[in-house]
Amino acid sequence: LQRLRARLARSNTAIGNALLALLSRGGLGEEDWEEVEDTLLASDLGVEATEELVASLRRQVAVDGTSDPVQVKQWLHDDLLALVDPSMDRRIAASRTDGLPAVILVVGVNGTGKTTTVGKLARVLVAEDKDVLLGAADTFRAAAADQLQTWGERVGVPAVRSDQEGADPASVAYEATKAGIEMESDVVIVDTAGRLHTKRGLMDELGKIKRVVEKLAPVGEVLLVLDATTGQNGMRQAEEFAREVAITGIVLTKMDGTAKGGIVVNVQRKLGVPVKLIGLGEGPDDLAPFDPEAFVSAIVG
Ligand code: GDP
């Protein structure tokens with residue numbers, strides 16, 4: 001976890017340093033505040049949150065009349081933390097209820113890191129002593145089931161797949177859930193397809209997967225995987241998914257390669273659901289629970 005924190009800090013301190021340098025300058029003029037705004041916007045915090053944050057900082061600087069770096073840093077820290085909203089419930093529902101496994105559906109556009117996230121999440125849950133089973137319902141992409149199976153072997157958990165390319169994803173999800181019930185798994189994680197060129201088809205398919213699975217066991221989580229480096233484009237995708245399926249949490253991947261950590265705040269506000277996990281690399285251990293305090297500290301230092 002320490003290592004992951006360091007990785008997050010590396011990509012985000014640039015923005016924190018720029019802000020603190022500006023804010024500690026003293027006698028801030030209009031152009032300085034604009035620069036603060038630009039820096040925040042560059043982190044993908046979004047227009048609304050940026051305006052709120054700048055207004056709050058301006059107020060505090062005006063009232064206090066100080067530009068003491070320690071004080072400014074504290075304000076920035078507290079305001080950012082409030083925006084990230086530590087009160088949101090970020091736990092992953094992964095326990096059996098009424099003798100049935102919890103099912104987690106993982107959705108998102110191809111290339112965002114969906115399959116990798118399923119593998120990494122399995123590892124996190126196995127480390128918590130959970131019995132995990134994977135379902136490869138991304139039957140559209142030929143390599144996806146192989147990729148998931150490899151993750152399963154790596155993490156030491158079984159994977160249910162269809163050997164038929166183009167098989168019905170809902171039926172694979174159903175079979176995986178059935179296997180999870182028979183094996184008395186704690187949790188079944190289902191990887192889904194994310195092709196975008198037939199959007200209607202994709203959304204219908206996700207709805208069908210959920211309905212079919214729910215005939216057997218409750219779907220405890222629908223996690224939306226988003227690539228943190230894709231900015232506005234990613235935000236639009238997120239909103240489209242959220243309109244069609246009830247998302248319970250967001251996974252932001254590739255946070256290791258971007259200083260655009262502000263997207264956490266932006267996406268939470270737009271979707272009204274918490275960021276629960278962040279991806280910080282391609283390796284099996286590079287997934288961490290999203291910790292608001294650690295995140296803000298990584299930015300502000
Ligand atoms: P899918 O099409 O959404 O299932 O995406 P994949 O799981 O196949 O991942 C696409 C690429 O993103 C792969 O090369 C992954 O290794 C990479 N990837 C996934 N998560 C992360 C992350 O958190 N950080 C980095 N740097 N790369 C990631």
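The values are calculated or read from the model by the stated rules, or taken from the named source; none is laboratory data. Predicted model, so just to flag it, every value in this text is computed and none were measured. Cβ atoms come from the backbone with ideal geometry, glycine included; neighbour counts cover every protein chain shown. Surface areas here come from the heavy atoms of the whole protein model, side chains and all, with no ligands, DNA or RNA. Shrake-Rupley method; radii C 1.70, N 1.55, O 1.52, S 1.80 Å.
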Quiz item: Share of antiparallel DSSP beta bridges in the chain, in percent to the nearest 5?
Solution: 15 percent
Exercise. Counting only DSSP beta bridges with both residues in segment 192-296, tell me the antiparallel percent, nearest 5.
Key: 25 percent
Practice problem: Please give the net charge around Ala167, taking every other residue with its beta carbon less than 13 angstrom from that of Ala167, where Lys and Arg add +1 and Asp and Glu add -1. | Solution: -4
Practice problem: Go ahead and set up a Gaussian network model of the chain, Cα springs under 10 Å, then flag whichever of Pro284, Pro69, Pro169 fluctuates most. | Solution: Pro69
Self-check item: Chain lengthening between Ala9 and Asp285 when straightened (0.36 nm per residue, less Cα-Cα)
Solution: 97.6 nm
Quiz item: Using a Cα distance threshold of under 14 Å, what count of lysine pairs results for the chain when pairs must be 8 or more residues apart or interchain?
Solution: 6
Quiz item: Taking R0 as 45 Å, what's the FRET efficiency between Glu128 and Glu165 from their Cβ-Cβ distance, rounded to 0.05?
Solution: 0.85
Quiz item: Once the chain is represented by equal point scatterers at the alpha-carbon sites, with solvent omitted, what log10 I(q)/I(0) does the Debye formula produce at q = 0.06, 0.13, 0.14 Å⁻¹?
Solution: -0.22, -0.86, -0.96
Self-check item: Equivalent ellipsoid dimensions for segment 26-170 as semi-axes, Å, which come from the Cα gyration tensor, largest first
Solution: 47, 19, 12
Quiz item: Which distance in nm do the two modelled labels at Ala294 and Asp64 give, with both placed 7 Å along the Cα-to-Cβ direction?
Solution: 2.7 nm
Self-check item: Potential lengthening between Gln149 and Thr97 on full extension [0.36 nm per residue; Cα-Cα distance subtracted]
Solution: 16.1 nm
Practice problem: Please give the per residue accessible area of segment 174-266, computed with a probe of 1.4 Å over protein heavy atoms only, in Å². | Solution: 38 Å²
Quiz item: In a GNM of the chain with a 10 Å cut-off on Cα contacts, which of Gly272, Gly29, Gly46 has the highest mean-square fluctuation?
Solution: Gly29
Quiz item: With all protein chains present, how much of the accessible area of segment 155-299 (probe radius 1.4 Å) comes from carbon and sulfur, to the nearest whole percent?
Solution: 47 percent
Quiz item: Using a Förster distance of 45 Å, how high is the FRET efficiency between Lys208 and Glu30, based on the Cβ-Cβ distance and rounded to 0.05?
Solution: 0.25
Quiz item: Carbon and sulfur: what percent of segment 1-131's accessible surface (1.4 Å probe)?
Solution: 49 percent
Quiz item: Say R0 is 25 Å: what FRET efficiency, to the nearest 0.05, do Asp78 and Val54 get from their beta-carbon distance?
Solution: 0.95
